[in-house]
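These notes concern the structure reproduced below.
The values are calculated or read from the model by the stated rules, or taken from the named source; none is laboratory data. Fair warning: this is a prediction, and the values are worked out from it, not measured in the lab. Backbone-built Cβ (ideal geometry, glycine too); neighbour counts: all protein chains shown.
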């Protein structure tokens with residue numbers, strides 16, 4: 001467990017390594033959510049400011065828990081700000097064991113690492129730690145840790161704005177580097193289609209057959 005007594009690069013690295021060690025593939029985020037909540041409580045955030053919403057009850061796929069939402073009161077005036085990230089990793093990260101080699105973190109086995117998006121999770125926890133431990137003035141802030149991002153952005157789809165405190169502006173931490181800011185992106189819809197053809201004798205009754213590949217080609 002990362003040492004919360006100091007805020008520096010080493011602490012940030014320990015925080016990230018702790019997150020990478022916890023399994024939490026898409027739909028199974030309860031363990032990493034508990035880790036985030038317990039770490040924030042140790043930082044001094046009151047337990048009543050940390051909650052789960054009911055998104056998992058509405059998501060049409062099995063999901064262990066709802067989005068984790070932390071609502072911090074402001075210490076200075078200003079509109080509420082939102083910082084978000086996602087808790088889950090892709091299934092290839094199941095059982096990942098992070099290994100630090102020099103300045104690079106890799107998975108020690110054949111799994112994927114899970115840097116997407118445990119780096120974002122660690123970043124938001126460090127943000128909370130920095131504000132609290134150094135008494136930095138800030139407006140009201142909401143931290144949002146969504147579930148099932150990797151399987152269709154489901155946590156974000158089913159979050160309710162009122163549960164976030166109706167923030168005026170939001171920043172999603174899920175990019176390649178801190179120096180890049182994305183101000184627009186396309187959406188995504190995932191669905192599965194099963195097409196059944198009709199078999200027929202190609203020489204005697206070809207007109208009675210239906211080619212599933214042709215139907216799929218026309219649909220696309």
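Only residues that are in a loop (DSSP other than H, G, I, E, B) and in contact (Cβ under 8 Å) with a residue 12 or more places away in the chain were counted across region 147-186, and they come to 16.
Return a yes/no flag: does region 51-70 have any residue that is more than 17 Å from the chain's Cα centre (by Cα), assigned to a loop (DSSP other than H, G, I, E, B) and farther than 23 Å from residue 18 by Cα. Yes, region 51-70 has at least one match. Scan region 41-50 and tell me whether some residue there is touching a strand residue (DSSP E or B) at 6+ places or on another chain (Cβ under 7 Å), within 22 Å of residue 134 (Cα to Cα) and part of a loop (DSSP other than H, G, I, E, B). Looking for residues that are touching a strand residue (DSSP E or B) at 6+ places or on another chain (Cβ under 7 Å), within 22 Å of residue 134 (Cα to Cα) and part of a loop (DSSP other than H, G, I, E, B), one finds at least one in region 41-50, hence yes.
The single condition from (1) touching a helix residue (DSSP H, G or I) at 6+ places or on another chain (Cβ under 7 Å); (2) under 30 Å from residue 148 (Cβ atoms) that residue 216 fails is (1). Only residues that are assigned to a loop (DSSP other than H, G, I, E, B) and either assigned by TED's automatic domain parsing to the domain that holds residue 154 or in contact (Cβ under 8 Å) with a residue 12 or more places away in the chain (or both) were counted across region 195-210, and they come to 4. Quick check on this structure: which one of 68, 144, 99, 124 is closer than 17 Å to residue 34 by Cβ and free of Cβ contacts under 8 Å to residues at least 60 places away in the same chain? Matching residue, one of 68, 144, 99, 124: 124. Within 30 Å of residue 155 (Cβ to Cβ) and in the same structural domain as residue 117 (by TED's automatic domain parsing): is that true of residue 178 in this structure? No: the conditions fail for residue 178. For residue 192, the conditions (1) more than 16 Å from residue 86 (Cα to Cα); (2) part of a loop (DSSP other than H, G, I, E, B); (3) in contact (Cβ under 8 Å) with a residue 60 or more places away in the chain are fulfilled apart from (3).
Candidates are the residues of region 102-121 that are without any contact (Cβ under 8 Å) to a residue 60 or more places away in the chain and outside any loop (DSSP other than H, G, I, E, B); the one that is farthest from residue 64 (Cα to Cα) is 104.
Pick from region 24-40 the residues that are assigned to a helix (DSSP H, G or I) and touching a strand residue (DSSP E or B) at 6+ places or on another chain (Cβ under 7 Å): which of them is surrounded by the most Cβ atoms within 10 Å (Cβ to Cβ)? Filtering region 24-40 for residues that are assigned to a helix (DSSP H, G or I) and touching a strand residue (DSSP E or B) at 6+ places or on another chain (Cβ under 7 Å), the one surrounded by the most Cβ atoms within 10 Å (Cβ to Cβ) comes out as 36.
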